[in-house]
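Encoded as structure tokens, here's the structure I'll be asking about.
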Amino acid sequence: MPSRDAGDNFWWRHGVIYQIYPRSFQDSNADGIGDLQGILRRLDHLVSLRIDAIWISPIYASPMADFGYDVSDHRAIDPIFGTMEDFDRLLEEAHRKGLKVILDYVPNHTSDLHPWFIESRASRHNPKRDWYVWRDARADGGPPNNWTSEFGGPAWTFDESTGQFYFHAYLPEQPDLNWRNPEVVAAMLDVLRFWFDRGVDGFRVDAIHHLFEDEQLRDDPVNPDWHDGLPPARQLLRIHSMDQPEVHGAIALMRGAAKSYADERLLIGEAYLPIERLMSYYGIALSGFHLPFNFHLISTPWKPKAIAALIDEYEAALPQGGWPNWVLGNHDRSRVATRVGPEQARIAAMLLLTLRGTPTLYQGDEIGMADVPIPRRLVRDPFGKNAPGFGRDPERTPMQWDASRHAGFSASEPWLPVARDFASRNVERQSSDAGSMLSLYRALIALRREEEALAVGSYALVYASDNVLAYERRLGQRGLLVALNFDDRFEELESLSPPARLLFSTDPAREKEDFARAPKLNPNEGIVAELTPPKRLGR
């Protein structure tokens, strides 16, 4: 069993990760945009949650065409967020408070204003020309193939000055790096080492499944199942433009860089893929990511049987020694409270924090924040501008700290509107309410830290009915039953053997009790019950 020692290479197996979207966490200088000093100011909130690590979305120098995912200098902090001194102070203080710091690593592309790309597009003969993906037009003058960008439109942009197209999986302002060029590989691995040397504890690696494309540039076939409810890029089956075999060699090199440090640094991979393809991102003999992000809870129907089937499929697919992980929301997906409703958001919290594997929670979910409707005139996300209805602004709105103007996020007008319910839904108010969502998250994380069975124990499905999901977490002789009611009516648990004693409930009014017979679950209630070991007969 992994220890909880601060120097343990496997801290993430029993840890809880908290994502910070820095633009929306806390503004310290009244410009309406969150920053590093703002994060520093709010570290005590994170300590009170008893999380283990913060993952901070991009803070690098950037023109902000995609709000930091278009990096113009991998070794500099954007002035919007502060200075390198601010970052060093944040890192030092986070470590002093027992929090690890994970940054975003964006290896697939850079900004078109990055010095590398400026050189690359200067001429066809520039030494850095092959650092990006350049190709001639087709015979008819059109793009090299039919590939589409994630944000809509062609994935190729014509450069008038050099007469070729360059490839971009995202915006034209985000040209793709050519990872088949050894100089690119060396330069990007040096970026990892630069931050590791500074003391960063790990990276969440962005858009890793886009790192390589088919070398022959074959067209992607049309997706026969596409409909208006899917993003424009899904009109094609992207079998040639992403998730290519070469990506795993690059990940192994990243893992080698992380492993070269005595306290091996954590690598988390972002890849929205079916489970069977996601598993390959652990790498041969676990030479890939420590944690390829598992996003499947976000898209699985919120029904006990569907979720039970997902857990079984995922657990069965894990490679030998591979550690699971679970995610319910992030800066790219609709908030969990919006998807399942405020009552079921409490059930979602218990599910996330009691499943086997490392949980990652998104800022604001701990107070039940929901998506915020954004008027068209205030849309900031380039995806939302290019493909109306698919924007990510609603889940990126400012963190709600208190009932003061702008929810305590900023002294001036925030970059995105604050939710209308901020006066009643905020950290300050919920901190003193034993029945609040924040109190529930704090209690669940505390329970997870106290109960090793919840942190690193085995998982076994007990049963899944139309309305109830029940599973057991066990470590040695310690067995815990988790039962979740997905309905707004009372539900009886099926008979339990051995007997059980209530340890925890999402309903703060419920008293501790022994379950002599099958207990009832209150509407929208989740419980953790202590399983009493069966008595041995005879000697």
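So which residues in the range 310-348 are part of a helix (DSSP H, G or I), in contact with a Leu (Cβ under 6 Å, 6 or more places away or on another chain) and small (Gly, Ala, Ser), if there are any at all?
The one that is part of a helix (DSSP H, G or I), in contact with a Leu (Cβ under 6 Å, 6 or more places away or on another chain) and small (Gly, Ala, Ser): Ala348.
Shifting gears a bit: Please specify each residue of the range 131-168 satisfying the condition of being closer than 27 Å to Asn223 by Cβ, touching a strand residue (DSSP E or B) at 6+ places or on another chain (Cβ under 9 Å), of a type in the set (Phe, Trp, Tyr) and buried (at least 18 other Cβ atoms within 10 Å of the Cβ).
Within the range 131-168, Trp147, Trp156, Phe165, Tyr166, Phe167 qualify.
Read through the list (1) closer than 30 Å to Ile17 by Cβ; (2) of a type outside the set (Lys, Arg); (3) in a loop (DSSP other than H, G, I, E, B); (4) touching a strand residue (DSSP E or B) at 6+ places or on another chain (Cβ under 7 Å), then give the number of the only condition that Leu171 fails.
(4)
What pairs come up if the first residue lies in the range 201-229 and is of a type outside the set (Gly, Ala, Ser), the second is in a strand (DSSP E or B) and surrounded by fewer than 20 Cβ atoms within 10 Å (Cβ to Cβ), and their beta carbons are under 7 Å apart, counting only those six or more places apart or on different chains?
Close Cβ pairs satisfying both conditions: Leu217/Arg135; Asp220/Leu236; Pro221/Leu236; Val222/Leu236; Asn223/Leu236.
Determine if the range 210-223 includes at least one residue that is closer than 30 Å to Phe10 by Cα and not in a loop (DSSP other than H, G, I, E, B).
yes
Considering only residues of the range 207-235 that are under 15 Å from Trp147 (Cβ atoms) and among the acidic types (Asp, Glu), which is surrounded by the fewest Cβ atoms within 10 Å (Cβ to Cβ)?
Only one residue fits best here, namely Glu215.
List, please: which pairs have Cβ atoms under 7 Å, are six or more places apart or on different chains, and start with a residue in the range 106-127 that is under 23 Å from Gly269 (Cβ atoms) and touching a residue at least 40 places away in the same chain (Cβ under 8 Å) and end with one that is surrounded by fewer than 15 Cβ atoms within 10 Å (Cβ to Cβ) and acidic (Asp, Glu)?
Going by the 7 Å Cβ cut-off, there are no qualifying pairs.
Based on this model, can you work out whether Glu472 counts as more than 27 Å from Pro301 (Cα to Cα) and over 24 Å from the mean Cα position of the chain (by Cα)?
no
Checking Leu502 against (1) modelled with pLDDT of 95 or more; (2) closer than 20 Å to Arg448 by Cα; (3) crowded, with 16+ Cβ neighbours inside 10 Å: exactly one of these is not met. Which one?
(1)
Same structure again: Test of understanding: among Arg75, Arg124, Arg89, Arg138, which residue is over 30 Å from Glu450 (Cβ atoms), over 21 Å from the mean Cα position of the chain (by Cα) and part of a helix (DSSP H, G or I)?
From the options Arg75, Arg124, Arg89, Arg138, the qualifying one is Arg89.
Taking the criterion of being over 23 Å from Thr338 (Cα atoms) and either not in a helix (DSSP H, G or I) or not polar (S, T, N, Q) (or both), would at least one residue in the range 291-305 satisfy it?
The answer is yes, given that some residue of the range 291-305 is over 23 Å from Thr338 (Cα atoms) and either not in a helix (DSSP H, G or I) or not polar (S, T, N, Q) (or both).
Ala186 - would you say it is at pLDDT 95 or above, not charged (D, E, K, R) and not assigned by TED's automatic domain parsing to the domain that holds Leu267?
Judged against the criteria, Ala186 is not a match.
Just need a number here: residues in the range 149-168 that are of a type outside the set (A, V, I, L, M, F, W, C), within 26 Å of Asp228 (Cα to Cα) and not in a loop (DSSP other than H, G, I, E, B).
Residues meeting the conditions: 2.
Let me ask something else. Restricted to the range 293-307, and to residues that are crowded, with 19+ Cβ neighbours inside 10 Å and either farther than 21 Å from Ile20 by Cβ or among the hydrophobic types (A, V, I, L, M, F, W, C) (or both), which residue is farthest from the chain's Cα centre (by Cα)?
Looking at residues that are crowded, with 19+ Cβ neighbours inside 10 Å and either farther than 21 Å from Ile20 by Cβ or among the hydrophobic types (A, V, I, L, M, F, W, C) (or both), I get Pro304.
Hey, could you check the range 262-282 for residues that are surrounded by fewer than 20 Cβ atoms within 10 Å (Cβ to Cβ) and without any contact (Cβ under 8 Å) to a residue 60 or more places away in the chain and say which is nearest to Leu352 (Cα to Cα)?
The qualifying residue nearest to Leu352 (Cα to Cα) is Ile275.
Criterion first (buried (at least 20 other Cβ atoms within 10 Å of the Cβ), in contact with an Asp or Glu (Cβ under 7 Å, 6 or more places away or on another chain) and among the aliphatic types (A, V, I, L, M)) does Leu461 satisfy it?
So Leu461 does not fit the description; no.
I'd like the residue in the range 28-45 that is surrounded by 18 or more Cβ atoms within 10 Å (Cβ to Cβ) and not in a helix (DSSP H, G or I) and, out of all such residues, is farthest from the chain's Cα centre (by Cα).
The extreme case among them is Ser28.
Here is a follow-up. Condition (residue is farther than 30 Å from Pro58 by Cβ and over 14 Å from the mean Cα position of the chain (by Cα)) applied to the range 329-339: is it met by at least one residue?
So far as the range 329-339 goes, no, none of its residues is farther than 30 Å from Pro58 by Cβ and over 14 Å from the mean Cα position of the chain (by Cα).
The values are calculated or read from the model by the stated rules, or taken from the named source; none is laboratory data. As the structure is a prediction and not an experimental result, all values here were calculated from the model. Note that we place each Cβ from the backbone using ideal geometry, even for glycine, and neighbour counts take in every protein chain shown.
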